[in-house]
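Please treat every number below as a calculation from the coordinates, not as lab data. Model, not experiment: these values are computed from the prediction. Every residue, glycine among them, receives a Cβ derived from its backbone with ideal geometry; neighbour counts consider all protein chains shown.
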Amino acid sequence: MTVVLPEGGTAMVRGFAARLLSLGAALALTLGVAYADEEKVVHVYNWSDYIDNAVLEAFEKETGIKVVYDTYDSNDTLETKLLTGKTGYDVVVPSSHFLARQIAAGVFMKLDKSKLPNWKNLDASILERVAIWDEGNSHAVPYMWGTTGFAYNVAKIKERMPDAPVDSFRMMFDPDVVSKFKDCGVYLMDEVDEVHQVVLNYLGEDGNSHDAKVLAKVVPVLKSVRPYVTKFHNSAQIDALANGDICLTMGYSGDMLQARNRAIEAKNGVQIEYVIPKEGTLMWFDMMAVPADAPHPNNAHAFIDFLMRPDMIAKASNVIFYANGNAAATPLVDPAITGDPAIYPTPEVMQKLFVVTPYGAKLQRTVTRQFASVKGNQ
């Protein structure tokens, strides 16, 4: 397989060359010592609401390695830290379509698979899919995967629009529909790339288009619904939806299902449905990777390998309601999860899901400006 650098990729690599050369020199002097005698700590940077705390506790108990665990809710936040360098993190979890340009920029070290004996548990079909961003699966390990759709409060939507098109992204992107729900709260994701990509697909365009003229078609759609959007966020919708504070939101599959189950546990009468729209949507993979300047690379490998244990990754899936990339774990995942088509889509729905490749630097700036103009246009 040949990896083609994204637009601007050469410039990105050149821009990081000096930093990486100095980093390499430092690593050459210190890596041997670090691997041989690391302090008992691993610094992890992951998405919010994306792990079972019992897994972290089990890792600490079995290894004696303390987990310092920080969270974020945007790929852009993680990428900014990675490209700045010296994050202090040992394990990070970028989404697959960001991974390619981050690898090109040299921000991740290659995995030492001799330190990952549980690699054998991974799903070969998932590894094949993510190899389009990481040739040879050399820099990252699949953690969880899912879809980007929408969720809604059944009663509030039915009350305001009995014939609402609840199987379609019209719920989010048709102003004649969204306007009906302004009073009960509508959230849109604050994720530049993903919003552009799902809108393109909704319009019948290639969700993976890198044509600036095609991407420009997203702007009028977003501006038409902007007056009805209460907030742009990537994680606040979990509690807002579960508590009945909003009635409609775009979101990640597992997050929306967490909201559904929190409402059930609270017995607050809020019924939530998550939808993979009939137009199809984005399928994504979140990947565990080790920054090139990770201070504890040995501990990072130990942590990643621990999460490739079927019993551990199944625990995580059972709590966060995401499908994982571990074939050996499937029998250990709650049948209510593996049997839920919102988490493990049917073969027919899988045919409508698409994956994307990263925008080049110039195009990324363009879509970021477009999105900022939409958010600021109330």
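Is the shape of the stretch 141-259 rounded, prolate or oblate, going by the alpha carbon gyration tensor and its root eigenvalues a ≥ b ≥ c, with a/c under 1.5 for rounded and a/b larger than b/c for prolate? The shape class here is oblate. Other residues within the sphere of radius under 10 Å centred on the Cβ of GLU279, judged by their own Cβ, net out at +2 (K and R +1, D and E -1). Shown here for the stretch 260-357: trypsin sites (Lys or Arg not before Pro) in loop regions (DSSP other than H, G, I, E, B) with at most 13 other Cβ atoms within 10 Å, namely LYS267, LYS278. Convex hull volume per residue, computed on the Cα atoms of the stretch 123-164, equals 119 Å³. By the count of neighbouring beta-carbon atoms within 10 Å, fewest first, LEU122, LEU353 end up ordered LEU353, LEU122.
Of interest is the spacing of the C-alpha centroids, which for the stretch 207-229 and the stretch 116-193 amounts to 17 Å. Each DSSP beta bridge with both residues in the chain is either parallel or antiparallel, and the antiparallel ones are about 60%. With θ taken as phi - 60° and the Karplus curve 6.51 cos²θ - 1.76 cosθ + 1.60 applied, the whole-hertz 3J(HN,Hα) list for the stretch 144-149 is 10, 9, x, 10, 10, x Hz, x standing for glycine and proline. The three principal axes of the C-alpha atoms in the stretch 223-378 carry coordinate ranges of 47, 46, 33 Å, sorted with the longest axis first. In the chain, a dipole from Cβ-located charges (positive for Lys and Arg, negative for Asp and Glu) runs towards its positive end, and of SER74, MET287, GLN271 it is SER74 whose Cα lies farthest in that direction.
If one takes the longest principal axis of the Cα atoms in the chain, at what angle in degrees, from 0 to 90 and to the nearest 10, does the Cα axis of helix 361-375 lie? Helix 361-375 sits at roughly 40 degrees to that axis.
A cut-off under 12 angstrom between Cβ atoms defines the neighbours of SER373, and their net charge, with Lys, Arg +1 and Asp, Glu -1, is +4. Compute the acute angle (0 to 90°) between the alpha-carbon long axis of helix 253-266 and the principal axis of greatest extent of the alpha-carbon atoms of the chain; round to the nearest 10°. With rounding to tens, the tilt is 70 degrees. Measuring spread by the Cα atoms of the stretch 29-150 yields a radius of gyration and Dmax of 15.2, 50 Å.
Ignoring lysines fewer than eight residues from LYS66 along the same chain, the ones with Cα atoms less than 28 angstrom from its Cα are LYS40, LYS81, LYS86, LYS110, LYS113, LYS115, LYS120, LYS315.
When shorter helices are ignored and each DSSP H run of at least 4 residues is given -39500 (n - 2.57), the per-residue value for the chain at 222 nm works out to -12500 deg cm²/dmol.
Considering all different alpha carbon pairs of the stretch 332-378, the Kirkwood hydrodynamic radius works out to 14.2 Å. Relative to the longest principal axis of the Cα atoms of the chain, helix 297-307 runs at roughly 50 degrees.
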